[in-house]
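Below: the structure, in structure tokens.
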Number of protein chains: 2
Amino acid sequence: MRLVQDLLDRLAEIGADPPGITREAFGAGENAAMALMAETARGLGLECGVDAGANLTMRWVGSDPSAAPVLVGSHLDSVVHGGNFDGAAGVVAGLAAIAALRAEGFRPRATIEVLALRCEEAVWFGLGLIGSRSLLGRLPKGALDLPHARGGRNLRDCIAGCGGDPGALGRPLRDPRRIGAYVEVHIEQAPQLIEAGQPVALCLANPGNVRHPHIRITGEDAHTGLPHRFRHDAALAGAELALALERLWLDEEAGRRPMAVTIGRFHTLVERHAMTVVPGAFEMSLDLRAYEPAHLAALEAKLHGLVGAVAARRGVAIDLGPRSAAAPGVMDAAILEELAAAAARQRGLAPPRLNSPGSHDANNFAAAGVPTGMLLIRNRNGSHNPDEAMETDDLLAGIGLLTLWLAGRAGH
Amino acid sequence: MRLVQDLLDRLAEIGADPPGITREAFGAGENAAMALMAETARGLGLECGVDAGANLTMRWVGSDPSAAPVLVGSHLDSVVHGGNFDGAAGVVAGLAAIAALRAEGFRPRATIEVLALRCEEAVWFGLGLIGSRSLLGRLPKGALDLPHARGGRNLRDCIAGCGGDPGALGRPLRDPRRIGAYVEVHIEQAPQLIEAGQPVALCLANPGNVRHPHIRITGEDAHTGLPHRFRHDAALAGAELALALERLWLDEEAGRRPMAVTIGRFHTLVERHAMTVVPGAFEMSLDLRAYEPAHLAALEAKLHGLVGAVAARRGVAIDLGPRSAAAPGVMDAAILEELAAAAARQRGLAPPRLNSPGSHDANNFAAAGVPTGMLLIRNRNGSHNPDEAMETDDLLAGIGLLTLWLAGRAGH
């Protein structure tokens, strides 16, 4: 489908920042991508609007005002030097599905709405899923005061500057009970579909997470010659904590309790560190994720135990700093079966049912009680890196499923 | 002694850079400290000169031109936000000992020379002991092309800019066989003398080192959601290597084979890392030290084994990058006994004999075959940090020993 490739190509131009793609949330990249989607939506006859969270809504108004609207969406921001498809593919999929339905002469009974949600990536504020949090009244306390990683403007001002109304946030912008469904198409961030040889998967659940963006370990700076018994090396304490968390992960996986640990920032202090100074300060981030609320809570308790043990053994202080959390998102069983039924009508498709490696805006919809579904698209080389690689044909397979499903859900 | 406290106070003013002291090698701090020492030396009637390595030489010419000169010295640069005494205390000690000898009416037979050596700290060029290397023809190949950490000017230009003659380097500036002795006074960089309750120690040996200032680990950037089996996390590889080297250290110490490992820089890449990106790149420095050449060589072989094992297990590439090395420095037995005899004449002194925690310019003199000795001065809180703390009275005890020893060596 020509529309899909055109939109992906134009998004790549917007975000070009070699190596890879950068579409800064609440910045030039995300705004230009939003404008491109709105322009495309207007061309398809959709009504565009901006909600109080500065999210873009693109509505194909249905014939029955009493029917709960059916939402399709994802996000348009990227990480720094990331790929073109993480997020954006889902917004493109929504518009493409509507274009396909229009071409077939379909007329919706329930309103179909494509959402381009703001700032899904946690790199910008140390907190992710911001657009869907805003929409569903799930921004944590103090979130509006967080500074943007580029320039330091707080979230409140960023939202206001993009046409939102931060004063209206804090409660749901729309009643979750009046949303018929939310379905998100998103590239898989792992190569499980490459392994499986399938273009699309049906998602069972998204992980929730507990995050500590700014963990600080404080030991004592010292000379290279200091004997080991006198040292309080903050970096080695960080190394020990990191490997202990990795060990925990492997043990849990061996017990068939899926989870993940990511330590993306892990560093001595660039303004202080030197080859001949034992590092007295170390910083790291932590993203701990799991698929069940009780499991996630148990893992967080284990994290605290490991932190205490490493701090005591090495005579350092470990301050976990700010904490954010996102609830695991379990997908709706009825939507899952509808998507499976749609797949059964498509030749050559046998979509596996997988846990999503990543958290998504869908988590917030599921947590708010909206019946939620996700389609994962095959993607070589993972995501959040310049080598992210989704084949357009695989996205088209996902769009085909989405189109069939929308026809059933929003039709007569 | 008033001179000592005055010089230390004026050095602290020169280097003031809260928290702590910064005297940049070949920069304003080291140059101002050199000027202060030269001014003081001229006040004591010494002849000042600058050698081809831009080292400052301050000579009290002896009556017997055939007697090999006796050298006393250390360095005046510091690390960034370091302390006031690492290096500078030794230069001050040399001048103070000469002042004491002059006050007693002593007239030297052999020339006594105080050396203020350039750029001992490795932070400036990723290579330490530069002044003594220059003096003794021990600069490694390519050293003159190394860029300064601040501003990037190469070592060649730095030396020329401070009055040296880089074209004359590469062979010894003076014949080591024509140097009678080199003795260095230096603060201890560990609290072993605090433990021992003594102001001064006699040094047995200085460690040599093998250094890799820029180790680079390359894995693959990836999304937080990537399952463990697909990851090539460069930071966790760094953590594993660091803890394996610490384990090696503890095992060697348990076997009474003294050594040390310091990883001062240990970091994901500040321009790339993010909480939700599995780090595909990691950098670290390594300083590996030991007191015997054969032991150091064996440790380096073990390092290579660990690097290969971690790289293979984690599917990452580990590039050790540039290597520098300094030979262990074993102190001269005759000088050690002369210093011990001097101590026996001082009430209350019972200096322990210790391995130095740190490498020093003395290493180069010992390696060049010059009879070499060192006195270590008690120092709380270690070195290379703002809390470095030497009591002036402890330095005066060391100066007393040095003075007695010089009287014996350079006298009639």
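Would you calculate a helix-derived [θ] at 222 nm for the protein assembly as shown, using -39,500 (n - 2.57) for each DSSP H run of n ≥ 4 and dividing by the full residue count, to the nearest 500? Let's see the in-between values first.
Numbers: 22 runs with 291 residues, N = 824.
The helix-only estimate for the protein assembly as shown comes to -11000 deg cm²/dmol at 222 nm.
Can you work out the FRET efficiency for the pair B:V270 and A:K302, with r the C-beta to C-beta distance and R0 = 30 Å, to the nearest 0.05? Please report the intermediate quantities before stating the final value.
Numbers: r = 30 Å, r/R0 = 0.99.
Computed FRET efficiency for B:V270 and A:K302 comes out at 0.50.
Could you name the aspartates and glutamates whose alpha carbon sits less than 16 Å from that of B:K302, not counting residues in the same chain fewer than 8 places away?
Of all the aspartates and glutamates, those that pass the test against B:K302 - Cα under 16 Å, at least 8 places apart if same chain - are B:E240, B:E246, B:D251, B:E252, B:E253, B:D287, B:E292, B:D319.
Hey, for a label at A:A309 modelled as a point 7 Å past Cα toward Cβ, could you say which residues of region A:230-272 have their backbone N under 11 Å away?
Residues A:241, A:244-245, A:247-248 qualify, since their backbone N sits under 11 Å from the label point.
Please turn the phi angles of region B:4-11 into ³J(HN,Hα) values with the Karplus equation 6.51 cos²θ - 1.76 cosθ + 1.60 (θ = phi - 60°), one per residue in order, whole Hz, x for glycine and proline.
5, 5, 4, 5, 5, 5, 5, 5
Per residue of region A:248-263, what does 6.51 cos²θ - 1.76 cosθ + 1.60 with θ = phi - 60° give for ³J(HN,Hα)? Whole Hz please, x for Gly and Pro, Karplus curve as stated.
Running phi through 6.51 cos²θ - 1.76 cosθ + 1.60 with θ = phi - 60° gives 4, 4, 4, 5, 5, 4, 4, x, 6, 10, x, 6, 7, 10, 10, 10 Hz.
Positive end of the dipole of chain A, charges at C-beta (+1 Lys, Arg; -1 Asp, Glu), about the Cα centre: which of A:V210, A:N84, A:P19 has its Cα farthest in that direction?
A:V210
For the residue pair A:R257 and A:R345, what label-to-label distance in nm results when each label sits 7 Å from Cα along the Cα-to-beta-carbon direction?
My value for the distance between the label points is 4.2 nm.
Pick out which of B:S66, B:S359, B:S285 has the largest mean-square fluctuation in a Gaussian network model of chain B, springs linking Cα atoms closer than 10 Å.
Comparing B:S66, B:S359, B:S285 in a Gaussian network model of chain B, the most mobile one is B:S66.
What average count of beta carbons from other chains do you get within 10 Å of the Cβ of residues in B:256-264?
Details: counts 0, 0, 1, 1, 8, 5, 14, 9, 13.
Shielding by partners across B:256-264 averages 6.
If you stretched the chain out fully between A:A325 and A:R2, how much longer would it get, using 0.36 nm times the residue separation minus the C-alpha to C-alpha distance? Display every interim value, and only then the final one.
Values: separation 323, 0.36 × 323 = 116.28 nm, distance 3.96 nm.
Full extension from A:A325 to A:R2 adds 112.3 nm.
Let me know the shape class of region A:131-280, please: from the alpha-carbon gyration tensor, a ≥ b ≥ c as square roots of the eigenvalues, rounded when a/c is under 1.5, otherwise prolate if a/b is greater than b/c, or oblate.
Numbers: a/c = 2.83, a/b = 1.45, b/c = 1.95.
Taking the square roots of the gyration eigenvalues as a ≥ b ≥ c, region A:131-280 is oblate.
Go ahead and run the numbers for FRET between B:A35 and A:H214, Cβ-Cβ distance against an R0 of 45 Å, rounding to 0.05. Please report the intermediate quantities before stating the final value.
On the way: r = 44 Å, r/R0 = 0.97.
Approximately 0.55, to the nearest 0.05.
Pop out the ³J(HN,Hα) list for region A:90-98 in order, Karplus 6.51 cos²θ - 1.76 cosθ + 1.60 with θ = phi - 60°, rounded to Hz; leave Gly and Pro as x.
Going residue by residue, I get x, 5, 4, 4, x, 5, 5, 5, 5 Hz, with x marking Gly and Pro.
When the dipole is taken about the Cα centre of chain B, and only Lys, Arg (+1) and Asp, Glu (-1) are charged at their Cβ, what size is it in debye, to the nearest 20? Don't jump to the answer; show the numbers that get you there.
Numbers: 39 positive and 46 negative charges, 168 e Å.
Computed charge dipole of chain B: roughly 800 debye.
What number comes out for the charge environment of B:L226, summing +1 per Lys or Arg and -1 per Asp or Glu over other residues with Cβ under 11 Å away? Mind showing how you got there, number by number?
Working: positive: B:R229, B:R231; negative: A:E188, B:E220, B:D221, B:D233.
Result for the neighbourhood of B:L226: -2.
Determine the distance separating the Cα centre of region B:45-106 from the Cα centre of region A:211-248; give it in Å without decimals.
40
Please report the orientation-averaged projected area of the protein assembly as shown, defined via the convex hull of its C-alpha atoms, in nm².
On the way: hull surface 147.7 nm².
Projected over every direction and averaged, the Cα hull of the protein assembly as shown covers 36.9 nm².
Looking at A:V200, A:G238, A:C119, which one has the Cα that reaches farthest to the positive end of the dipole of region A:101-241 (charges on Cβ: Lys, Arg +1; Asp, Glu -1)?
The one lying farthest along the dipole's positive direction is A:C119.
Between B:I21 and residues 5 or more places away or on another chain, which pairs have amide H atoms under 5 Å apart, with H built 1.01 Å from N, and which residues are they?
Counting only residues 5 or more places away or on other chains, the set is B:H81, B:G82, B:G83.
Peptide B:334-345: average number of partner chain Cβ atoms within 10 Å per residue? Kindly include the intermediate steps, with their values, before the conclusion.
Values: counts 0, 0, 0, 0, 0, 0, 0, 0, 0, 0, 0, 0.
Other-chain Cβ atoms within 10 Å of each residue's Cβ, averaged: 0.
Once you charge only the Cβ atoms, +1 for Lys and Arg and -1 for Asp and Glu, what is the size of the charge dipole of region B:208-326 about its Cα centre, to the nearest 20 debye? The partial results should precede the final answer.
Numbers: 14 positive and 14 negative charges, 24 e Å.
It comes to approximately 120 debye.
Label position 7 Å from Cα toward Cβ: report the copy-to-copy distances for B:R178 in nm, one decimal, ordered from shortest.
Copy-to-copy label distances at B:R178, shortest first: 9.8 nm.
What number, in percent, do you get for the relative contact order of region A:106-158 if the mean sequence gap of Cα pairs under 8 Å and at least 6 apart is divided by its residue count?
Values: 46 pairs, mean separation 12.5, N = 53.
Relative contact order for region A:106-158 comes out at 24 percent.
Name the most mobile residue of A:A89, A:A341, A:A367, meaning the one with the largest mean-square fluctuation, in a Gaussian network model of chain A with Cα contacts below 10 Å.
In this elastic network of chain A, the residue with the biggest mean-square fluctuation among A:A89, A:A341, A:A367 is A:A341.
Could you give, in nm with one decimal, how far A:R102 is from each other copy of that position, shortest first, with labels 7 Å out from Cα toward Cβ?
9.4
Sequence-distant or interchain residues sharing an amide H contact under 5 Å with A:S74, placed H: which?
A:V91, A:L115, A:L117
Decide, for chain B, between rounded, prolate and oblate: order the square roots of the alpha carbon gyration tensor eigenvalues as a ≥ b ≥ c, take rounded if a/c falls under 1.5, and otherwise choose prolate if a/b is larger than b/c, else oblate.
Details: a/c = 2.04, a/b = 1.78, b/c = 1.15.
Here chain B falls in the prolate category.
If you stretched the chain out fully between B:A12 and B:A334, how much longer would it get, using 0.36 nm times the residue separation minus the C-alpha to C-alpha distance?
112.4 nm
Please report the relative contact order for region B:103-258, taking Cα pairs under 8 Å with a sequence separation of at least 6, and give it as a percent rounded to a whole number.
Values: 94 pairs, mean separation 18.6, N = 156.
Once divided by the residue count of region B:103-258, the mean separation gives 12 percent.
Rounded to the nearest Å, what's the spacing between the alpha carbon centres of region A:296-324 and region A:183-209? Just the number, please.
Centre-to-centre distance over Cα atoms comes out at 31 Å.
Quick one: putting +1 on the C-beta of Lys and Arg, -1 on the C-beta of Asp and Glu, what dipole do you get for region B:20-113 around its Cα centre, in Debye to the nearest 20?
So the magnitude is around 300 debye.
Given axes a ≥ b ≥ c from the Cα gyration tensor, I'd like to know whether region B:208-326 is rounded (a/c under 1.5), prolate (a/b larger than b/c) or oblate. Don't jump to the answer; show the numbers that get you there.
Working: a/c = 2.55, a/b = 2.03, b/c = 1.26.
Cα axes put region B:208-326 in the prolate bin.
Using only alpha carbon pairs under 8 Å that are at least six residues apart, calculate the relative contact order of region A:208-326 and give it in whole percent. Show your work: numbers first, answer last.
Values: 218 pairs, mean separation 56.2, N = 119.
Normalised by residue count, the contact order of region A:208-326 is 47 percent.
List, shortest first and in nm to one decimal, how far the label point of B:G305 (7 Å from Cα along Cα→Cβ) is from its counterparts in the other copies.
3.5
Considering the dipole of chain B built from charges on the beta carbon (Lys and Arg +1, Asp and Glu -1) around the Cα centre, which of B:G305, B:G73, B:V270 is farthest to its positive end?
Positive-most Cα among the choices belongs to B:G305.
We did not get these values from a lab; they are worked out from the coordinates using the rules stated. For clarity, every value in this text was computed on a predicted model and none was experimentally measured. Using ideal geometry, Cβ is built from the backbone for each residue, glycine included, and neighbour counts are taken over all protein chains shown.
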